[in-house]
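Undergrad: Encoded as structure tokens, here's the structure I'll be asking about.
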Amino acid sequence: MPPEQLLSALLIQALYGIRSERQLMEQLNYNLLYRWFVGLSPDDAVWDATTFSKNRERLQAGEVFEKFMTRLLNHPQVTPLLSDEHFSVDGTLIDAWASQRSFRPKDGSDGDGADFHGQTRKNDTHQSTTDPDSRLYRKAAGREARLSYMGHVTMENRSGLAVLGMLSKATGTAERRAAEMMLAARRKLAGHRITVGEDKAYDTADHVARLRAAGVTPHVTQNNGPTKTGRLRRSAIDRRTTRHWGYAASQSRRAMIECIFGWGKQHGTMRKTKHRGIRRVATDFLLNLIAYNLVRIPKLVPL
């Protein structure tokens, strides 16, 4: 199976939100448009779904998707669209392909796991038997805790294109740690100081200090709201940052990153993964970012 055909088929899956690779093979069997995009003639036999999955694993091991993203962003028509100074970072939850009933004590002490009433279930003591890499995570107070992964995106602020993406286990500090890793890599690539727009979830003293030490100016939304004890928080961002016009500009542009997550969850396969294991889910997440860029770039390139 030629790798370019495999990659094209995976992009079809991400672009049209096809639920599984078996369904993808079924649609390739009768959809002439998909066949043309992939490079199959009307008479060519479609691959077996199991064979397709095994070849997908080979691409994943060769980091082909990361190389594809890099070549796309370095294309001569795309590079002028990108900012090398101003960025935004945010994260989103991706539902794991595992049920709540699979989240059982690690010591196997809950019998068949049929009744969870009265039990305190935590990631320290419990683990999904279906997808051990997933974590139970609550998006906000009062919301249901779900088995999830956390996807993180760095967006450049000029055109709203995704330039970096990574996946992590869902924890309370995952967004900030992932942002620090991605921005340090972007700062090194740029070779000069950069700015980043972030929401109030990133407004912690240690995160802001780490960004400044890495040569990144944090344009983080101030979080001065009350804590659980009723005391007011003290934002790590003060007038030294907010008085500049660039701070307001970053706060305005960072909202565009929600378009990436919105497209991936409405049109792509980002809402609920059909894969298990952090590595496979990370590949699928990156494919969604590539697909989003491919949809957006033609709207930005002058005719």
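The values are calculated or read from the model by the stated rules, or taken from the named source; none is laboratory data. These figures come from a predicted structure and were not determined experimentally. Methodologically, a virtual Cβ is constructed for each residue, glycine included, from the backbone with ideal geometry; neighbour enumeration extends over all protein chains shown. For the accessible areas, the whole protein counts, side chains as well, though only heavy atoms, and no ligand, DNA or RNA atoms are used. Shrake-Rupley method; radii C 1.70, N 1.55, O 1.52, S 1.80 Å.
Undergrad: Could you list, in sequence order, all residues of region 6-33 that are surrounded by 17 or more Cβ atoms within 10 Å (Cβ to Cβ), over 23 Å from the mean Cα position of the chain (by Cα) and in contact (Cβ under 8 Å) with a residue 24 or more places away in the chain?
TA: M25 - this is the single residue of region 6-33 that is surrounded by 17 or more Cβ atoms within 10 Å (Cβ to Cβ), over 23 Å from the mean Cα position of the chain (by Cα) and in contact (Cβ under 8 Å) with a residue 24 or more places away in the chain.
Undergrad: Considering only residues that are in contact (Cβ under 8 Å) with a residue 24 or more places away in the chain, open to solvent by 70 Å² or more (accessible area, probe 1.4 Å) and part of a loop (DSSP other than H, G, I, E, B), which ones fall in region 43-91?
TA: Q77, D84, E85
Undergrad: Sticking with this one: How many residues are in contact with a helix residue (DSSP H, G or I) (Cβ under 8 Å, 6 or more places away or on another chain), of a type outside the set (A, V, I, L, M, F, W, C) and either within 18 Å of D95 (Cα to Cα) or open to solvent by less than 80 Å² (accessible area, probe 1.4 Å) (or both) when one looks only at region 137-159?
TA: Total satisfying the criteria: 7.
Undergrad: Here is a further query. Considering A213, A236, A179, A248, which residue is free of Cβ contacts under 8 Å to residues at least 60 places away in the same chain and surrounded by 17 or more Cβ atoms within 10 Å (Cβ to Cβ)?
TA: Result of the check over A213, A236, A179, A248: A236.
Undergrad: Inside region 179-292, counting only helices (runs of 4 or more DSSP H) that do not spill past its ends, which hold 2 or more residues that are at negative phi and within 19 Å of the chain's Cα centre (by Cα)?
TA: 257-266
Undergrad: What are the residues in region 251-275 that are open to solvent by 50 Å² or more (accessible area, probe 1.4 Å) and either in contact with an Asp or Glu (Cβ under 9 Å, 6 or more places away or on another chain) or farther than 30 Å from A98 by Cβ (or both), if any?
TA: S252, R253, R254, A255, E258, R271, K272, K274
Undergrad: Out of (1) touching a residue at least 60 places away in the same chain (Cβ under 8 Å); (2) in contact with a Lys or Arg (Cβ under 9 Å, 6 or more places away or on another chain); (3) among the β-branched types (V, I, T), the odd one out for T221 is which?
TA: Here T221 meets the rest and fails (1).
Undergrad: Right, something else. Working only within region 17-40, note down all residues that are outside any helix (DSSP H, G or I) and closer than 18 Å to G264 by Cβ.
TA: Result: G17, I18, R19, S20.
Undergrad: Inside region 160-176, can you point out the residues that are over 23 Å from I194 (Cβ atoms) and either open to solvent by 30 Å² or more (accessible area, probe 1.4 Å) or assigned to a strand (DSSP E or B) (or both)?
TA: Residues of region 160-176 over 23 Å from I194 (Cβ atoms): 169-172.
Those that are over 23 Å from I194 (Cβ atoms) and either open to solvent by 30 Å² or more (accessible area, probe 1.4 Å) or assigned to a strand (DSSP E or B) (or both): K169, T171, G172.
Undergrad: Moving to a separate point now. Answer yes or no: is there a residue in region 219-235 that is modelled with pLDDT under 90 and aliphatic (A, V, I, L, M).
TA: Yes, there is a match, as at least one residue in region 219-235 is modelled with pLDDT under 90 and aliphatic (A, V, I, L, M).
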